[in-house]
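Handing you a structure now.
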There are 4 protein chains.
Amino acid sequence: MSNTIGIRFQVTTFGESHGSVVGAIVDGCPSRLPLSASDIQSQLDRRRPGQSVLTTSRNERDQVRILSGVDQGLTLGSPIALVVDNTDSRSVDYQAIQTIPRPSHADLTYRLKYGLTAASGGGRSGARETIGRVAAGAVAEKFLAVKFGVQIVAWVSAVGEREAPDMTGEAITRDQVDATAVRCPHAQTAREMAALIEAAKKDGDSVGGIIACVCRNVPPGWGEPVFDKLSALLARAMLSIPAAKGFEIGAGFAGARGRGSEQNDMFVLKEGRLGTRTNRSGGIQGGISNGEPLVFRVAFKPTATIAREQETVDYAGRPVKLRAQGRHDPCVLPRAVPIVEAMAALVLADCGIQNAECRM
Amino acid sequence: MSNTIGIRFQVTTFGESHGSVVGAIVDGCPSRLPLSASDIQSQLDRRRPGQSVLTTSRNERDQVRILSGVDQGLTLGSPIALVVDNTDSRSVDYQAIQTIPRPSHADLTYRLKYGLTAASGGGRSGARETIGRVAAGAVAEKFLAVKFGVQIVAWVSAVGEREAPDMTGEAITRDQVDATAVRCPHAQTAREMAALIEAAKKDGDSVGGIIACVCRNVPPGWGEPVFDKLSALLARAMLSIPAAKGFEIGAGFAGARGRGSEQNDMFVLKEGRLGTRTNRSGGIQGGISNGEPLVFRVAFKPTATIAREQETVDYAGRPVKLRAQGRHDPCVLPRAVPIVEAMAALVLADCGIQNAECRM
Amino acid sequence: MSNTIGIRFQVTTFGESHGSVVGAIVDGCPSRLPLSASDIQSQLDRRRPGQSVLTTSRNERDQVRILSGVDQGLTLGSPIALVVDNTDSRSVDYQAIQTIPRPSHADLTYRLKYGLTAASGGGRSGARETIGRVAAGAVAEKFLAVKFGVQIVAWVSAVGEREAPDMTGEAITRDQVDATAVRCPHAQTAREMAALIEAAKKDGDSVGGIIACVCRNVPPGWGEPVFDKLSALLARAMLSIPAAKGFEIGAGFAGARGRGSEQNDMFVLKEGRLGTRTNRSGGIQGGISNGEPLVFRVAFKPTATIAREQETVDYAGRPVKLRAQGRHDPCVLPRAVPIVEAMAALVLADCGIQNAECRM
Amino acid sequence: MSNTIGIRFQVTTFGESHGSVVGAIVDGCPSRLPLSASDIQSQLDRRRPGQSVLTTSRNERDQVRILSGVDQGLTLGSPIALVVDNTDSRSVDYQAIQTIPRPSHADLTYRLKYGLTAASGGGRSGARETIGRVAAGAVAEKFLAVKFGVQIVAWVSAVGEREAPDMTGEAITRDQVDATAVRCPHAQTAREMAALIEAAKKDGDSVGGIIACVCRNVPPGWGEPVFDKLSALLARAMLSIPAAKGFEIGAGFAGARGRGSEQNDMFVLKEGRLGTRTNRSGGIQGGISNGEPLVFRVAFKPTATIAREQETVDYAGRPVKLRAQGRHDPCVLPRAVPIVEAMAALVLADCGIQNAECRM
């Protein structure tokens, strides 16, 4: 396994869905950063289950405790240990999966790799693993905000076939995002998305979607070509999120259909610095931030756990009909918003620190 | 900069477009692997410029030399140094860019980060940097083929708005791919793609597109959750390629529009192992290979360098009209095919080695 | 800060001396290894304070809890989180050090680096940080014992000027080591060492010493030249222990005084393999284990905290007389024995895993 | 194999003793550093064979070529490729070792690990591998000198039983060191050392010794506890040098014999900063530089290759008498001086860069 991300701002997550705790260690956070549990709790609250009818009914308060690395409200420069208790695990719900690998879940692959049917409910592949990411990401975000003024805002831009208009050019705030349970700042689309999710839920089914993310005030120069291009690190961070299946930066896949004369971003003078008139590059050129907002999108598949009957086979290869009993989200998108923001923050904090000494 | 990729099969590339050489060091390749320059040369030949009217007229033979790590046709376990000479660099073509940052190029960001207008022609951000990747990737591919029987084949699946039917389910060979200069195995689409590229070239313009890649015989269990999920590592590797703007695995963005009941891959018994009836997961579940073929796509933007006049500004912010003079590809896709294959091979070789000792 | 060691068997420690907990995350331990808290507790008990009159009177039970990574007595392959509560921290003892940097302590350097007078009592530089090492090391040791039969035994070979005869050629057991409070298996020397420590204690002073360590049954082939030579990794691991000031492998510094004809180890046939008649190399040649026992020594300086008055200056540079009030060990050596063993285990577990796929 | 050292100032070496080249890639060197081949050549000249009767007669000019990363006398921020040709390899000298592993050499361990009797003459374990280190170290040294004023000077402090007085408190220069062929700045001892080496040579034997190294003007705050303590990184770097068997910092092993009241370094006010009256810590406390000179020593075993007959066994275990025919140094110490300096520079450059962003 590889549960550490980052080179200089380095985060290690731990804990299984149905063990006693989940958490993260943040190593490399500069000292003297003001930090309290409430800085972290706000993002955990946005991630936690049970926020609305659109999400799983698993009930976790997800209160974070800071076990080390902070003293008298300031980071010490030492590892920051963050822990959240698991209080509502019901492993009984998951007994069936000891004999039947759930389709499009990690049950089979974990068993093939590690030689045992790990902890029930997915262990490390379940959604609770992302708590450590969100907690650590909140530390990164605080660092980025205090030191550089970086602002990161993600939202649900598509659910199933319902897609919101492109709002990446607007200065969307988290308040606007949180105005609807589905976390789409475009009110009309948000209503339609919610209806779509509820319809899927009623059918015992699930839906996928897309999250858009914009990072403002990222200083130019971040990203370490050639292999640690900022776009490459973001892609890796996003695809490491459970259920993520696609990533695109700037114009992405749509831009691949166009011509250079339409897609190039012309330079203009902006408040004393060179900026670009358009931002089809998504704020990154040659793998390095150019001072424009970072803009990217992440595609999530529909939740694999569904209440509808599925014709599959058990570990012995015998045909079975499987109908999920555990609690689950009909659509992970609303709760994935703070996870996307967290992963973006982790990448940016690491790049920001690495950029410090790139030239004489 | 960060010019090293991989943890156990570790590759470092070096060399500027207009310096004397480009190359790579491969560290961590197991000893006793049969390896000769010809194993590497074949992929370099597929990458090199001047192969057809569809590509740049820059003329490089790109002959690789193995400077270390191989003795009497076998790898030694020590670092394999691979070098290719730059023989046709014409830095004179690139004088204009000393004063004008080319739109959607890395000129400005490199200057902002490193404090100098690096070498002309892009230095490390130019296409020649990928020679080191392709050379090292060929070593990884040899290792994967000999040790595990892995086969990697990529092709151009879209150029501009012209998209080939999905052929990822067929056992496409490199011969089929190379049957057309545009490297699309679907003959009718290939003709239309070629026409589209030639039209763009005539207009002094460029086009983008998509490359599909399939990796067969990847053993189950590869990939290191949670952050080094196989899908995450592939995403990072692909987005580190110049001009790459998007990545999707399996059903990707399209799958995000569907429902769980349509997108899940049901298990079936296949020759004594559990396989899946469909492969919307793209061969990866929970970040770990499941024994099905890996299937992913990479989006490339249109070449930023175009002969058409662009209204931009120089480094001083003064409006200028820029018309590129250097040689360039109207479409990078055909030459990017071996690069995508190389990056896939680098990721897989590293994962294969890391998987060796994951359980008692 | 950098609180992670290892590439494939990777350990991150966390927690300050006077915070609520100390602990470690072990990532990369193979799945299906039998593991329980008692495997870990035995080494923590050997490390904990208050074992005898020779050690600090700080009273900590140091009971380890396994928070993740183990289910039904087997490792899952996921990160193993280990936590020990701090129950007897008395930060009041350490008030003086807010204004006066203790000589030969890390107070000043931490303040210069991190910009604050961290947590009292040394924070991360204090002895309690080593709990995470010992806990993680016990996991590594279990893995090494079960998988390879590796046995690691360290002991106190010198205290001050009192040095035991060389016993590295004998199969010393931990029982023999623990037979005396000073942890020297040579009974007569042990008595003299104890007297020497007690004399120093009575004088309000402290003494240093040397720990010898032997690792048996290490398979040949471990170590990754050229920079991760086994000897180099051991040196780094040992010098990372608080108060460690020197490391030597095999004949070490004494061997540097000899001639090649005396120092070379001649090969002989041993039970079907090539072994060496002598072991001046300490089990490593060219940075790779050769199948003979690993033999190395670590020098520790005298405890910096002493009760005798020291003429030094405060942070403002004003002359002061400092007399330590906190509890402290007059000699760290007896308690450092399990720490040295732990660090050796961490290095070996990582090398053993890395060696798995070095050749075809 | 692991041929890369450093996290941010990262060096990869490559090339076998008897292949066509040896060299190094330096990645992470800040841009805009003035750098030319002559900066590097001077240290290579100090390392190269054939400098005096005290060293091997192998004749290599060891001229370095900079293949990338430098343009118009300035570093670009991109990887700096450094190559030196092997011009005097005589693999014929080494035929015997195909059947007989040389005692205390890496022949057997390489064969056990990599499954083949690598290149003759040691391949990667031979002395020529250190050329890459010295070349890369010279780049690090230039960076450290220009950016921080760091000065690194090593010398031979002991040969066999002949030990020079401690001169680490004096500001020894490289000119003083190079005044004698043996590279000991204490003239009387240097003469005796030379006699001792010549006597060993005449006997077909070899001698070991100790190198002392002092690094001045290292800013306080360098080193990343807990595992990347500056002392730990130096220990690892030094023990990675061929034939190195021991490392000590400051008072080291001798200090372990003393009492705390004698060994502690009292603080004093020095030109506006807190310094220490004595420097038994060797410039490092808690793993972090304190502003005093770094002082450490490295023990080297006698050259394993000797002309005297050795009674050993061949790979089949049959008793043989071996008498080395190849050229070799009767004492590696004089040529190891620039290697020790190079490894110190690599560690310091990496720590200096990492220290840049440790606090708000």
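The values are calculated or read from the model by the stated rules, or taken from the named source; none is laboratory data. Note that the structure is predicted; figures quoted are calculated from it, not measured. We place every Cβ from the backbone using ideal geometry, glycine too, and count neighbours over all the protein chains shown. The area values use the complete protein model at the heavy-atom level, side chains included, leaving out ligands, DNA and RNA. Shrake-Rupley method; radii C 1.70, N 1.55, O 1.52, S 1.80 Å.
How far, in degrees from 0 to 90, does helix C:187-202 lean away from the longest principal axis of the Cα atoms of chain C, to the nearest 10?
Taking Cα atoms only, the helix is inclined about 20 degrees.
Taking the Cα centre of chain C as the origin and placing charges on Cβ (Lys, Arg +1; Asp, Glu -1), which of C:Val218, C:Ala324, C:Ser42 is farthest toward the positive end of the dipole?
C:Ala324
From the label point of C:Pro165, set 7 Å from Cα along Cα→Cβ, how far away are the matching label points in the other copies, in nm, ordered shortest to longest?
Output for C:Pro165: 3.9, 8.6, 9.1 nm, nearest copy listed first.
Still on this model: Compute, for C:Arg111, the solvent-accessible surface of its heavy atoms (probe 1.4 Å) with the complete set of protein chains present, and express it in square angstrom to the nearest 10.
80
In addition: Using the structure shown, list the pairs from A:Lys245/B:Lys201; B:Lys147/B:Lys229; A:Lys301/A:Lys321; C:Lys270/D:Lys245 with a Cα-Cα distance above 29 Å, or answer none.
A:Lys245/B:Lys201
Something else: For a test of the definition: using alpha carbon positions, the gyration tensor, and the 1.5 limit on a/c, classify region D:104-229 as rounded, prolate or oblate. Could you put the intermediate results ahead of the total?
Working: a/c = 2.17, a/b = 1.13, b/c = 1.93.
It comes out oblate by the Cα gyration axes.
Considering every residue in B:341-354, what mean count of other chain Cβ atoms within 10 Å of its Cβ is obtained? Walk me through the numbers before you get to the answer.
Numbers: counts 0, 0, 1, 0, 0, 1, 0, 0, 0, 0, 0, 1, 5, 9.
Counting other chains' Cβ atoms within 10 Å and averaging over B:341-354 gives 1.
Between C:Asp166 and C:Ala195, what is the FRET efficiency for a Förster distance of 30 Å, r being their Cβ-Cβ separation, to the nearest 0.05?
Rounded to the nearest 0.05, the efficiency is 0.85.
For region C:282-298, what does the Karplus curve 6.51 cos²θ - 1.76 cosθ + 1.60, with θ = phi - 60°, yield as ³J(HN,Hα) per residue in whole Hz, taken in order and with x for Gly and Pro?
In residue order, the calculated couplings are x, x, 9, 10, x, x, 10, 4, 10, x, 7, x, 6, 9, 8, 10, 10 Hz.
So how strong a dipole does the protein assembly as shown carry about its Cα centre when Lys and Arg Cβ are +1 and Asp and Glu Cβ are -1, to the nearest 20 debye?
On the way: 168 positive and 148 negative charges, 0 e Å.
Roughly 0 debye, rounded to the nearest 20.
Between copies, how far does the label point of D:Asp178 sit from its twins, in nm, shortest first, when each point is 7 Å from Cα along Cα→Cβ?
Those label-point separations list as 5.3, 5.8, 6.6 nm.
Please work out which residue of chain B brings its Cβ closest to the axis of the rotation superposing B onto C, and round that distance to whole Å.
B:Ala356, 2
Against the longest alpha carbon principal axis of chain A, how many degrees, from 0 to 90 and to the nearest 10, is the axis of helix A:37-47 turned?
It is inclined by approximately 60 degrees.
Follow-up. Could you work out the mean count of beta carbons from other protein chains within 10 Å of each residue's beta carbon in D:201-214? Write down the numbers at each step before the final one.
Details: counts 0, 0, 3, 2, 5, 6, 6, 10, 2, 3, 1, 0, 0, 0.
Mean shielding by partner chains, rounded to a whole number: 3.
Let me ask something additional. If you put +1 on each Lys and Arg Cβ and -1 on each Asp and Glu Cβ, how big is the dipole of region D:4-358 around its Cα centre, in Debye rounded to 20?
Value, rounded to 20: 380 debye.
Give me a single rounded figure for D:309-315: the average over its residues of other chain Cβ atoms within 10 Å of their Cβ.
4
Please report the spacing between the Cα centers of region B:145-214 and region A:26-85 in Å, no decimals.
Region B:145-214 and region A:26-85 have Cα centres separated by 47 Å.
Angle between the Cα long axis of helix B:230-239 and the longest principal axis of chain B, 0 to 90 degrees, nearest 10?
Long axis of B:230-239 versus the principal axis of chain B: about 10 degrees.
Shortest first and in nm with one decimal, please list how far the C:Gly149 label point sits from its counterparts in the other copies (point 7 Å along Cα→Cβ).
Distances to the matching label points in the other copies: 3.5, 6.0, 6.7 nm.
With r defined as the distance between the Cβ atoms of B:Arg308 and A:Glu309 and R0 fixed at 60 Å, what FRET efficiency is calculated, to the nearest 0.05?
FRET efficiency, B:Arg308 to A:Glu309: 0.55.
Leaving ligands, DNA and RNA out of it, work out the accessible area of C:His328 with a 1.4 Å probe and give it in Å² to the nearest 10.
Its accessible surface works out to 50 Å², give or take rounding.
Can you tell me the relative contact order of region B:4-358? Whole percent, Cα pairs under 8 Å, sequence separation 6 or more.
Over region B:4-358, the number comes to 22 percent.
Per-residue ellipticity at 222 nm for chain D, helices alone: DSSP H runs ≥ 4 residues times -39500 (n - 2.57), over residue total, nearest 500 deg cm²/dmol?
-8500 deg cm²/dmol
Next question. Gap in Å between the Cα centre of region D:279-330 and the Cα centre of region B:276-330?
Using only Cα atoms, the two centres lie 52 Å from each other.
Right, something else. Show me the ranking of peptides C:171-184, A:149-162 by mean Cβ neighbours inside 10 Å, starting with the highest.
A:149-162, C:171-184
Follow-up. Name the residues whose placed amide hydrogens come within less than 5 Å of the amide hydrogen of A:Lys270, ignoring near sequence neighbours (fewer than 5 apart) on the same chain.
A:Gly275
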